[in-house]
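**Student:** Have a look at the structure that comes next, please.
The values are calculated or read from the model by the stated rules, or taken from the named source; none is laboratory data. None of these values were measured; they are calculated from a predicted model. For neighbour counting, all protein chains shown are included, and Cβ atoms are generated from backbone atoms with ideal geometry for every residue, glycine included.
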Amino acid sequence: MEFSPLPARSVVLSLMLGSHPDRWTPAQLAAAGAHFDVAASTLRTALTRAVAAGDLDRIDGDYVLGERLARRQRHQDEAVEDAATEWDGAWEMAVVVVTGRSGADRAALRESLTDHRLAELREGVWARPANLRRRAEYAAHPVLATFRATPDTDPQELAATLWDLPAWAATGRQLLETLTVPAEPPMRLAVAAAVVRHLATDPLLPASLLPADWPGAELRSAYADYVAGLQATLQA
């Protein structure tokens, strides 16, 4: 697994996506840029372009995440913090009941359902265990009929059908090993960003449905340790 230092704009957005609150002053961003070997002029250009693209907003001279990235941060937090609750065996189901939609509408709905960590059982039929604290906002979509149901088949086998759990775990273990190896700040940030992207695809299944040695919790813990250490370094 190979990594390269992130470009300046990705450095800024990665830092802000992992920060709470996400409001940064220009001086804080300049210090962070120096820590990650980003030249001051390059950083200023990256910030200007991020604001122009709507990725960042300016408030009283400070920088905050734009609306789209604020939504992404909420999705990222769900994965990093582990939003699972006690599971009673029920599953969420969403069934597409309207035909004749445009390709763009279909793609947007798929993205929404995937963001809510559902997987497609067959065309137009999506499901996942009902074990998350998040609101099922997709249920308000006019083309969907939504249900809570208990499958007759073995839930572990069903989960294995919906998600490639061994592949996710293998990548997670590789990322975990790489993140815990000492490296220069730009490379560690690149690995940490890859960890966040991978955690965003964690289906967050109940423990009873996961393979043995599932690395999700350990990966979240390692990322939290990285963020805490980075914040301490930047504050110093």
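**Student:** Applying the selection to segment 49-69, what residues are outside any loop (DSSP other than H, G, I, E, B) and surrounded by fewer than 12 Cβ atoms within 10 Å (Cβ to Cβ)?
**Tutor:** Hits for segment 49-69 are A52, R58, I59, E67, R68.
**Student:** I need the full set of residues from segment 126-171 which are in contact with a helix residue (DSSP H, G or I) (Cβ under 8 Å, 6 or more places away or on another chain) and more than 27 Å from D88 (Cβ to Cβ), in order please.
**Tutor:** V143, T171
**Student:** List every residue pair whose Cβ atoms sit under 8 Å apart, with the two residues 6 or more apart in sequence or on different chains, where the first one lies in segment 211-233 and is in a helix (DSSP H, G or I) and the second, anywhere, is at pLDDT below 90 and charged (D, E, K, R).
**Tutor:** Cβ pairs passing all conditions: G216/D82; A217/D82; R220/E81; R220/D82.
**Student:** For the condition closer than 23 Å to G216 by Cβ and of a type in the set (G, A, S), what is the one hit in S4, S10, S41, S19?
**Tutor:** Just one listed residue meets the conditions, S19.
**Student:** Where residues in segment 93-118 are surrounded by fewer than 17 Cβ atoms within 10 Å (Cβ to Cβ) and of a type in the set (A, V, I, L, M), which of them is nearest to T161 (Cα to Cα)?
**Tutor:** Result: V95.
**Student:** What about R134, is it closer than 25 Å to D22 by Cα, modelled with pLDDT under 85, part of a loop (DSSP other than H, G, I, E, B) and not assigned by TED's automatic domain parsing to the domain that holds A224?
**Tutor:** Yes: the conditions hold for R134.
**Student:** Could you give every pair whose Cβ atoms fall below 6 Å, whose first residue belongs to segment 100-115 and is assigned to a helix (DSSP H, G or I), and whose second residue is not hydroxyl-bearing (S, T, Y), counting only separations of at least 6 or pairs across chains?
**Tutor:** What qualifies is L113/W126; D115/H75.
**Student:** Specify the residue that is surrounded by the most Cβ atoms within 10 Å (Cβ to Cβ); the eligible residues are those in segment 162-183 that are part of a loop (DSSP other than H, G, I, E, B) and at pLDDT 95 or above.
**Tutor:** So the residue we want is W163.
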